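The values are calculated or read from the model by the stated rules, or taken from the named source; none is laboratory data. Source: prediction; values computed, not measured. Here the Cβ positions follow ideal geometry from the backbone for every residue, glycine too, while neighbour counts run over all protein chains shown. Keep in mind that these areas ignore ligands, DNA and RNA; they rest on the heavy atoms of the full protein, side chains included. Shrake-Rupley method; radii C 1.70, N 1.55, O 1.52, S 1.80 Å.
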Amino acid sequence: MPINRTEAEALIQEQVVNTIFQDAPKQSVFLSMARKLPNMTSKQTRIPVLDMLPMAYWVNGDTGHKQTSQQAWDNVYLTAAELAVIVPIPEAVLDDASFDIIGEVTPRINEAIGQRVDSATIFGVNRPSEWQNDIITLARQAGNNVPGGITYDTLLGADGLFSKIESSGRMATGLIASMQTRAALRGLKDNDGRPLFKTDMQGATPYALDGVSMQFPLNGSFDTSVAQMVAGDFSQAVYSIRQDVTVKILDQATIVDPESKQVLYSLAQQDMIAIRVVFRMGWALPNPATRMDENRLAVPFAYIEASTPYTTQKVTLTVKDNQKEPAAIEGATINVNGSRKKTGVDGTAEFNLRAGNYPAKISKSGYTTQHATLTVAASAVTQTITLPVST
């Protein structure tokens, strides 16, 4: 809908002050914490990622043979997805307004872009189909979801938030939490009932855990139905911009409803202009192999679950060979849109996924790599995948 005279009435009437009293726009938390790569020069960028580490061997005796080793790389792709919006404004409204409406609208559109980026990358809300799984989904598949609310043990205990990240060979560099979590942190007490929260009566209190700073998104992106706090090594999350935020003023275009294909506005005929804002970016969690996670199964992110865990469906994949009597394949790698697991002795691996469609890649040395699409709805999914022996 366009900005009409009623919605802009406060700007058209006589003003008492020369500024509009409003909250300052909030930007993207993810973009401020993740690592920015050089801008993309095409829709897709390929990142070579260490997939296999070389091994060293002791030489047995003076005449022992030195053994050989191997190192391998995998490809991770960043694919640019587009965020865009068009805001129509009648020219008469612009003429009668004593404020720069375009100058006031543009920062709010930028704020909306930041909110969409955070929601998609962290929580998977309206995640573009070109992107890999969001941080919450990646952490969930690695078992990095921590129940029990905000307590000392769930945060800093042996199997708590930080411990989950450290088990991957990484260290937490940042924390994101809901505004409600601030009160929970202030209420933390030790076993003797003494508050753990430290304040300085002479200045603002910075929120941090174990020396790691914490941010509380104010752009409306934090989904409290999914998590109370998200922690991780944000240097491992990378993004690249294909097209920075661009603003274009249209005055001759025809605006069509994307679903009904009906013409909504003819700008020239109706004496209107429209602000068109476009932003394109891609992101990924490459997750290279480390000495503590040579199979790249761990994820350097973890989260404290909401009081009521969000609903997922169990997805059980069984990998077998293509022999006359198919046998289970142990140690096959299943990559479900960035979430990696290896099959057990019975050839199965389990994922916990929200509703949606997920591309899967199944591979093992000596077999022909296969691709599949997993469709998750309102019930558990069981699927068998045949991995042919390489010839």
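Overview of results
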| quantity | calculated |
| --- | --- |
| Test: residue in region 155-162 that is under 25 Å from the mean Cα position of the chain (by Cα), surrounded by 15 or more Cβ atoms within 10 Å (Cβ to Cβ) and farther than 26 Å from Ala204 by Cβ | yes |
| So Thr137, is it part of a strand (DSSP E or B), touching a Leu at 6+ places or on another chain (Cβ under 8 Å) and open to solvent by less than 50 Å² (accessible area, probe 1.4 Å) | no |
| Tally of residues being open to solvent by 30 Å² or more (accessible area, probe 1.4 Å), assigned to a loop (DSSP other than H, G, I, E, B) and over 30 Å from Asp210 (Cβ atoms) across region 254-290 | 10 |
| Filtered residues of region 20-42 (kept if out of contact with any helix residue (DSSP H, G or I) (no Cβ under 9 Å at 6 or more places or on another chain) and modelled with pLDDT under 85) | Phe21, Asp23 |
| Yes/no for Glu294 being in contact with a Leu (Cβ under 6 Å, 6 or more places away or on another chain), of a type in the set (Asp, Glu) and surrounded by 13 or more Cβ atoms within 10 Å (Cβ to Cβ) | yes |
| Scope region 229-252; condition open to solvent by 40 Å² or more (accessible area, probe 1.4 Å) and in a strand (DSSP E or B); matching residues | Arg242, Gln243, Asp244, Val245, Thr246, Val247, Lys248, Ile249 |
| Output for region 309-364, where each listed residue is in contact (Cβ under 8 Å) with a residue 40 or more places away in the chain, of a type in the set (Ser, Thr, Tyr), part of a loop (DSSP other than H, G, I, E, B) and surrounded by 14 or more Cβ atoms within 10 Å (Cβ to Cβ) | Tyr310, Thr312 |
| Flag if Asn60 is exposed (fewer than 14 other Cβ atoms within 10 Å of the Cβ) and modelled with pLDDT of 85 or more | no |
| Meets criteria (at pLDDT below 95 and open to solvent by less than 20 Å² (accessible area, probe 1.4 Å)) for Ser168 | yes |
| Subset tally (residues that are open to solvent by 50 Å² or more (accessible area, probe 1.4 Å) and modelled with pLDDT under 75) for region 43-55 | 2 |
| Answer from Val105, Val117, Val87 - the residue that is in a helix (DSSP H, G or I) and either farther than 26 Å from Leu353 by Cβ or of a type in the set (Gly, Ala, Ser) (or both) | Val105 |
| Count of residues meeting criterion [among the acidic types (Asp, Glu) and closer than 30 Å to Ser42 by Cβ] in region 229-258 | 2 |
| Residue count for region 89-131, restricted to those that are without any contact (Cβ under 8 Å) to a residue 40 or more places away in the chain, surrounded by fewer than 18 Cβ atoms within 10 Å (Cβ to Cβ) and in contact with a Lys or Arg (Cβ under 9 Å, 6 or more places away or on another chain) | 1 |
| Within region 369-388, tally of residues that are open to solvent by less than 60 Å² (accessible area, probe 1.4 Å), among the β-branched types (Val, Ile, Thr) and more than 15 Å from Lys314 (Cα to Cα) | 2 |
| Check on Ser221, of a type in the set (S, T, N, Q), assigned to a loop (DSSP other than H, G, I, E, B) and surrounded by 16 or more Cβ atoms within 10 Å (Cβ to Cβ) | yes |
| Residue that is surrounded by the fewest Cβ atoms within 10 Å (Cβ to Cβ) [pool: residues in region 185-206 that are at pLDDT 80 or above and either closer than 15 Å to Leu156 by Cα or touching a His at 6+ places or on another chain (Cβ under 9 Å) (or both)] | Lys189 |
